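Undergrad: Okay, here's the structure, questions in a sec.
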Amino acid sequence: MCNTVGLGAKASLDFGRLCRIVQLAREEEWDPANLLEVADARTLTRLLRDGGLTEAHRTRRAPVMEAFLVGQRLVTGPANLRAVRCHLRAVATTAAPREVLRAALAPTPADRLAS
């Protein structure tokens, strides 16, 4: 599916991870290394750069989702970004408990190995 919209698997995985931490940061302290569960500083730097989150990390201020979507370089193209925004609105309007959303967005063991 990723290739269908011109998105590589790694970029898709990174986008999902970054989207998750931006969402979680609304309710938790902005600590990307901890939220991403990344120990290697080079990986953290790359993820934040590709996600347009370098300034947020430097200032220690959590970004809002729209600022993330505008600044990131992983998912491009108006149609792709519209689809992401539509999905995020749909998720935001569900009555799912926070724990369910967190579990659904949590990184898998394969995600951890990729970083």
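Each reported figure results from applying straightforward, stated rules to the coordinates on display, with no laboratory input. All values reported here derive from a predicted model rather than from experimental measurement. No Cβ is skipped: glycine too gets one built from the backbone with ideal geometry, and neighbour counts run over all protein chains shown.
Undergrad: What are the ³J(HN,Hα) couplings of the stretch 10-20, residue after residue, when phi is run through the Karplus curve with 6.51, -1.76, 1.60 and θ = phi - 60°? Round to Hz, x for glycine and proline.
TA: Residue by residue, the stretch 10-20 yields 5, 4, 5, 4, 4, 4, x, 5, 5, 4, 4 Hz.
Undergrad: Still on this structure, please answer the following. Quick one: what are the phi-derived ³J(HN,Hα) couplings along the stretch 24-35, Karplus 6.51/-1.76/1.60 with θ = phi - 60°, whole Hz, x for glycine and proline?
TA: 5, 5, 5, 10, 10, 4, 6, 9, x, 4, 6, 5
Undergrad: Next question. With 10 angstrom as the radius, rank Val70, Val22 by how many other C-beta atoms surround their C-beta, starting from the fewest.
TA: Ascending number of Cβ neighbours within 10 Å: Val70, Val22.
Undergrad: Quick one: Asp31, Asp14, Asp50, Asp40, fewest Cβ neighbours within 10 Å first, how do they rank?
TA: So the ranking, lowest neighbour count to highest, is Asp40, Asp31, Asp50, Asp14.
Undergrad: Related question: Which of Arg42, Arg61 comes first, and how do the rest follow, when ranked by fewest Cβ neighbours within 10 Å?
TA: Arg42, Arg61
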